[in-house]
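Asker: Below you'll find the structure I mean.
Values in this text are rule-based calculations from the coordinates and carry no lab data. Quick caveat: nothing in here was measured; it's all calculated off a predicted structure. Note: ideal-geometry Cβ built from the backbone for every residue, glycine included; neighbour counts use all protein chains shown.
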Amino acid sequence: MPRHEYPSLTPILHALVKRAPSGIGAQTIANMLGWHYPTMMSELSGQPGHKCGVDRLLPVMDITDSDEPLHFLAREMGGVFVRLPSIEDGDDPVQQQCLVAVKEFGELIAACADALADNTIKPDERIRIRREGYEAVAAIMALLKLVEAD
């Protein structure tokens, strides 16, 4: 069943162009995208009569060097976004990635075991488990990507 209200992605893009992780300034971002700076800022700040088109999303993410919009979208749809790690070239990349995936999964289980030793998962332990979990998922997804490419 669809929701009746949806949060806007535009404020996230607005914040990105104002403080881009890439260090590129908003004026330069506008120039790189062929967008007049005042128009870009009006569209991203939600000024009346101005709308930011979805086709701007990927270029803004690329130039600002940010995945934040993907994290936002995944969260809103009940999922998570995990960037796949780069795969090292080698004699047998599938075998190497299998070892990486097993190592990452082992670190996740170790984090869980450490946290459960006192039957209470503390906030810092939750952070560690989440970090190790995402790293394990990324390693497994990278393995699957390699297998699919063969």
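Asker: Please identify the pairs in which a residue from segment 129-140 that is assigned to a helix (DSSP H, G or I) has its Cβ atom under 7 Å from the Cβ atom of a residue that is buried (at least 19 other Cβ atoms within 10 Å of the Cβ) and among the acidic types (Asp, Glu), counting only partners at least 6 apart or on another chain.
Answerer: Glu135/Glu104; Ala136/Glu104; Ala139/Glu104
Asker: Here is a follow-up. Give me a count of the residues in segment 1-51 that are part of a loop (DSSP other than H, G, I, E, B) and among the aromatic types (Phe, Trp, Tyr).
Answerer: Total meeting the criteria: 2.
Asker: Same structure again: Any chance segment 78-92 includes a residue that's in contact (Cβ under 8 Å) with a residue 12 or more places away in the chain, assigned to a helix (DSSP H, G or I) and more than 17 Å from Ser22 (Cβ to Cβ)?
Answerer: Within segment 78-92, none of the residues are in contact (Cβ under 8 Å) with a residue 12 or more places away in the chain, assigned to a helix (DSSP H, G or I) and more than 17 Å from Ser22 (Cβ to Cβ).
Asker: Would you pick out the residues in segment 107-129 that are more than 22 Å from the chain's Cα centre (by Cα) and within 16 Å of Met141 (Cα to Cα)?
Answerer: none
Asker: Which one is nearest to Gly79 (Cα to Cα), of the residues in segment 103-128 that are of a type in the set (Val, Ile, Thr) and not in a helix (DSSP H, G or I)?
Answerer: Residue satisfying both the conditions and the ranking: Ile121.
Asker: Return the residue satisfying two criteria in turn: it lies in segment 46-87 and is loosely packed, with under 14 Cβ neighbours inside 10 Å and touching a His at 6+ places or on another chain (Cβ under 9 Å), and of such residues it is farthest from Ala136 (Cα to Cα).
Answerer: Checking each candidate, the answer is Gly46.
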